[in-house]
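First comes the structure, then the notes that go with it.
Every read-out reported here was derived from the displayed coordinates using simple, explicitly stated rules and does not represent laboratory data. Remember, it's a predicted structure, so these values are computed and weren't measured experimentally. Heads up, the Cβs are rebuilt from the backbone with ideal geometry, glycines too, and the neighbour counts pull from every protein chain shown.
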Amino acid sequence: MALWDMLKSAIGLKETPASIVIAIDGPAASGKGTIARRLAEVLGFDYLDTGVLYRAVGWTVLQHGRSPSIVFEATRVAETLKLASIDETVLRSDEVADAASKVAAIPEVRTALLDHQRHFAKNPPRGRGAVIDGRDIGTVVIPDAHVKIFVTARDEVRAHRRYLDLRPDNPDLREGQVLSELRARDRRDMERATAPLKPAGDAILLETSELDIDSAVAAALAIVERTLRQKKSAPGLQAMASGVGRPNEIQKQA
Ligand code: DC
């Protein structure tokens, strides 16, 4: 039996009428992307990395030789974005991350990217559920997500992870520089007026500083199970409840 079917059975959910949405937010290099991707894999859900959307807008604006802070330019790019035509490997650099964070502070850009994200949440390609990661998924994009997790880690730990990621292509990179750029980006993401980075009131915090990736994914999976189990009796999920319960099976599989 697939893990999601076991999880549904363990919590006592019947067939779900609409797809389950798991929102994963958090700052750069907190581990949220890897956790979200792995959660989607083990549950058979579809995964959307919303940072790619902002990175694609930032990268395209830079390609046009313009500043990512120019509202008109960034908005036009966001409104006409064709993700399929962009090779995602060009989006990984810190220069593009910085541009992404700048275009992300423009309300019109965020509005232009909302429909795509909400449509994905409601209609994930395989129809079971969606795991969506970003900065404002639980607060703005899908405020009624079934599960919300806010992933954090200490600044130094995040900078070290990012340094290890970027170093192979940038032999001259210094860890201190990565740390100060990461802090600057966090500040911009947290202090912008529209959809700032912050945990939703009903998000569960997951601190990953001391966790390896397998432990972090297992912890996230336990949060998903616990939250769905608690919500089973809430009106939205009540219709799905069948009352079957095999609570320990999931933890063993994870
Ligand atoms: O997750 P990431 O590092 O790929 O995101 C790049 C930038 O995009 C990040 O600094 C802020 C912005 N972003 C955002 O504002 N809202 C999202 N949902 C995702 C990313």
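Per residue, what volume in Å³ does the Cα convex hull of segment 17-57 take up?
Spelled out: Cα convex hull of segment 17-57, divided by residues, is 78 Å³.
Rank these for me by crowding, MET190, MET6, going from fewest to most other beta carbons within 10 Å.
Ranked by crowding around the Cβ, least crowded first: MET190, MET6.
Counting DSSP beta bridges with both partners in the chain, what percentage is antiparallel, nearest 5?
In the chain, approximately 5 percent of DSSP beta bridges are antiparallel ones.
Once Lys and Arg get +1 and Asp and Glu get -1 on their Cβ, which of GLY129, LEU197, PHE150 lies farthest toward the positive end of the dipole of the chain?
Value computed over the given set: GLY129.
What's the extension gain from THR194 to SER215 if we count 0.36 nm per residue and subtract their Cα-Cα distance?
Length gained, THR194 through SER215: 4.2 nm.
Suppose every K and R has +1 on its Cβ and every D and E has -1 on its Cβ; what is the size of the dipole of the chain about the Cα centre, in Debye to the nearest 20?
Using only the charged Cβ atoms, the result is roughly 660 debye.
In which sequence would TRP59, TRP4 go, from the one with the fewest C-beta neighbours within 10 Å to the one with the most?
Listed from fewest to most nearby Cβ atoms, that is TRP4, TRP59.
If the limit is 19 Å between Cα atoms, which of LYS32/LYS102; LYS32/LYS232; LYS148/LYS232; LYS8/LYS32; LYS122/LYS148; LYS148/LYS198 go over it?
LYS32/LYS102; LYS32/LYS232; LYS8/LYS32
Largest first, please: the extent of the C-alpha atoms of the chain along each principal axis, to the nearest Å.
Between the extreme Cα coordinates on each principal axis of the chain lie 58, 37, 31 Å.
Once the Cβ-Cβ distance between ASP87 and GLU41 is put in as r, and R0 is 30 Å, what FRET efficiency do you end up with, to the nearest 0.05?
That gives a FRET efficiency of 0.85.
List, in order, the whole-Hz ³J(HN,Hα) value for each residue of segment 44-50 obtained from phi through the Karplus relation with A = 6.51, B = -1.76, C = 1.60 and θ = phi - 60°; use x for Gly and Pro.
Values, residue by residue: x, 8, 9, 10, 10, 9, 6 Hz.
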